[in-house]
2 protein chains.
Amino acid sequence: MEKFEVHILGCGSALPTTRHYATSQVVNVRDKLYMIDCGEGAQLQFRRSRLKFSRLNHVFISHLHGDHCFGLLGLVSTLSLLGRTAELHIHSPHGLQESMQPMLDFYCRQMSYRLCFHPFDARQGEEELIYEDRSVTVHTIPLHHRIPCCGFLFAEKPRPNHLIRSMTDFYQVPLYLLSRIKNGEDYVTPGGEVIPNARLTQPAAPPRRYAYCSDTAYLPELSTRLQGVDLLFHEATFALGDLPRARETFHSTAGQAAQVARDARAGKLLIGHFSARYENEQVLLEEAVALFPNTQLAAEGLCVEVLKTF
Amino acid sequence: MEKFEVHILGCGSALPTTRHYATSQVVNVRDKLYMIDCGEGAQLQFRRSRLKFSRLNHVFISHLHGDHCFGLLGLVSTLSLLGRTAELHIHSPHGLQESMQPMLDFYCRQMSYRLCFHPFDARQGEEELIYEDRSVTVHTIPLHHRIPCCGFLFAEKPRPNHLIRSMTDFYQVPLYLLSRIKNGEDYVTPGGEVIPNARLTQPAAPPRRYAYCSDTAYLPELSTRLQGVDLLFHEATFALGDLPRARETFHSTAGQAAQVARDARAGKLLIGHFSARYENEQVLLEEAVALFPNTQLAAEGLCVEVLKTF
């Protein structure tokens, strides 16, 4: 199966603790790396995870709170010191470039590569396709936080069927037709016999989806939007006992995260963005597991594969 | 003896590695904390060192390269989230506030405390007294780097003598005179007898000095300036084999750092700001020790006491 996995670089919330870094993740789709959020220390954690900077071309920022983007300057600066030449693309709500530019101008005067900002409108309630390449699409997931904030839905593109070599050899299918057959056509022999596609190919693995739901108040409609998602990351800043604080700060409890996962019939739930008040997150895990058993706690250094579970 | 110690939060150079954080230190003088430089991750390392944010009121930035100040935004922002009310003072070469202000305006809109910038002129060749309180003075140490850059000399103020209680009791010295006697006066009894100060007091511990020499090319005159310093931190980015690179980038080798320590008759040398190219810093230590035996490698989490060694 093609690689599709999520590396957790940091899963704490705004206040740093001795156990957690600020928010950052890296999604690896077929060895292309996509960073989601870039809290302070993200570049260090990136190195610790033994990921390669050269494979990173896109960074997605969910919202403009410091714990989700204060690591950008260091990352951008390091890539220039390393002599990078490929463009680096930063997708974020409006305002990031304007706020960063004076520091970029001051500290990164002679950049070895081009930095491209792609602002999107995080205030609108509609999902938006903000990135697409051969293997993946990325849509925003409108969330409900104190400032405009979006999650991101990474969806693998459907892949062509796999040829069954022994069969295409047997029917002596000419090379120039193989690409069409991969894409579903039947084969007609020179004698006029129709060989159904199903005899020549095996279906590719079904495409998978990963949803990253950054800081948000409990948003029931997410479950409709993310129906059947294979892996769901949902913030779980608080435990049920701190529900008033969760409401006040537009964050979710672990139980609310699990409710979204259950209602969305997600394959698996990963929770993170833990408040500094919890000495360990077992209480959050137990709350979530009670509603949605296939829940895992995010942790620095953790790598979770996105699997088709049904 | 009064507390005077140096905590190493980070001792790597510009490129992050899995072993070192960017530059930051905390000087603890009698339980007041002074941060020197604030590379990315400094606030995390501060917490890990079990230091108290409430005791930190002054930050000194040696020069405006990212690896010495990209941690400031996170620190400033965290202190506000924690509800700090005391002012925080940032001493740095000119330009820091101008470059940071747009991000401060954007990300730290409702600060719980006042941030006070105190720019100094790092281009001039003269040392300058930039800070003073009851226990300590801080002078700049002009250095020679690619951009204006200063080290910092922390000097304890001389303390009054200690009273020998049994003697002041014996001579029935009135309470209102004790402060004068601490400061060196003799005591004249009601009968006119002069009791020499030396019989009533013991001299306080001699004041100690810590010199932090940030990024700099080898600067022989430092040894005159820092003659007899008790603890010297000197950058040692490179080993002798990389001397051309050290010259090119206005950095020092470990041997050059040791030469400054030896010529300054320093009590002890601490080296840091290690280039990412060294898998371990033993080569740097050996180079330095050959010239100046009392050398120690900086390391994250290390705490070094400033001691009077002669």
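Where residues in region B:140-155 are assigned to a strand (DSSP E or B) and touching a Phe, Trp or Tyr at 6+ places or on another chain (Cβ under 7 Å), which of them is farthest from B:ALA217 (Cα to Cα)? Don't jump to the end; show me each part of the working.
Filtering region B:140-155 for residues assigned to a strand (DSSP E or B) gives B:140-142, B:150-155.
Now restrict to residues that are touching a Phe, Trp or Tyr at 6+ places or on another chain (Cβ under 7 Å): B:140-141, B:151-152, B:154.
Numbers: B:THR140: 16, B:ILE141: 13, B:GLY151: 12, B:PHE152: 16, B:PHE154: 21 Å.
Across region B:140-155, the extreme among qualifying residues is B:PHE154.
Spot the failing condition for B:HIS89; the list is (1) over 30 Å from A:PRO93 (Cα atoms); (2) within 17 Å of the chain's Cα centre (by Cα); (3) within 13 Å of chain A (Cβ to nearest Cβ), and only one is missed.
The number of the failed condition is (3).
Let's see how each residue does on (1) in the same structural domain as B:ILE271 (by TED's automatic domain parsing); (2) modelled with pLDDT of 95 or more; (3) within 32 Å of the chain's Cα centre (by Cα):
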position	(1), (2), (3)
B:ARG180	no, no, yes
B:PRO190	no, no, no
B:LEU219	yes, yes, yes
B:LEU226	yes, yes, yes
B:LEU231	yes, yes, yes
B:ARG245	yes, yes, yes
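Counting only residues that are touching an Asp or Glu at 6+ places or on another chain (Cβ under 7 Å) and among the β-branched types (Val, Ile, Thr), which one in region B:192-232 is farthest from B:ARG245 (Cα to Cα)?
Going through the qualifying residues, I end up with B:VAL194.
Can you pull out the residues in region B:127-141 that are in contact with a Ser or Thr (Cβ under 9 Å, 6 or more places away or on another chain) and farther than 11 Å from B:PHE60 by Cα?
Matches in region B:127-141: B:GLU127, B:GLU128, B:LEU129, B:ILE141.
Per-residue answers, yes or no, for (1) within 9 Å of chain B (Cβ to nearest Cβ); (2) touching a Cys at 6+ places or on another chain (Cβ under 7 Å):
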| site | (1), (2) |
| --- | --- |
| A:GLY71 | yes, yes |
| A:LEU81 | yes, no |
| A:HIS94 | no, no |
| A:SER112 | no, no |
| A:LEU115 | no, no |
| A:ASP121 | no, no |
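Going through region A:113-126 one residue at a time, which ones are under 14 Å from A:PRO148 (Cβ atoms) and either surrounded by 15 or more Cβ atoms within 10 Å (Cβ to Cβ) or not charged (D, E, K, R) (or both)? Spell out the reasoning first.
Our first condition is that a residue be under 14 Å from A:PRO148 (Cβ atoms); within region A:113-126, this holds for A:119-126.
The answer is A:PRO119, A:PHE120, A:ALA122, A:GLN124, A:GLY125.
Restricting attention to region A:20-67, which residues are more than 8 Å from chain B (Cβ to nearest Cβ), touching a residue at least 40 places away in the same chain (Cβ under 8 Å) and farther than 21 Å from A:PRO142 by Cβ?
Matches in region A:20-67: A:HIS20, A:SER24, A:VAL29, A:ARG30, A:LYS32, A:GLN45, A:SER49, A:LEU51.
Is it true that A:GLU300 is within 20 Å of A:PHE154 (Cα to Cα), at pLDDT 95 or above and assigned by TED's automatic domain parsing to the domain that holds A:ALA22? Let's see the steps before the verdict.
Numbers: within 20 Å of A:PHE154 (Cα to Cα): no; at pLDDT 95 or above: yes; assigned by TED's automatic domain parsing to the domain that holds A:ALA22: yes.
Against the criterion (within 20 Å of A:PHE154 (Cα to Cα), at pLDDT 95 or above and assigned by TED's automatic domain parsing to the domain that holds A:ALA22), A:GLU300 does not qualify.
What number of residues within region A:143-167 are over 16 Å from A:TYR131 (Cβ atoms), in contact with a strand residue (DSSP E or B) (Cβ under 8 Å, 6 or more places away or on another chain) and surrounded by 20 or more Cβ atoms within 10 Å (Cβ to Cβ)?
2
The values are calculated or read from the model by the stated rules, or taken from the named source; none is laboratory data. This is a predicted model, so every value here is computed, not measured. Every residue, glycine among them, receives a Cβ derived from its backbone with ideal geometry; neighbour counts consider all protein chains shown.
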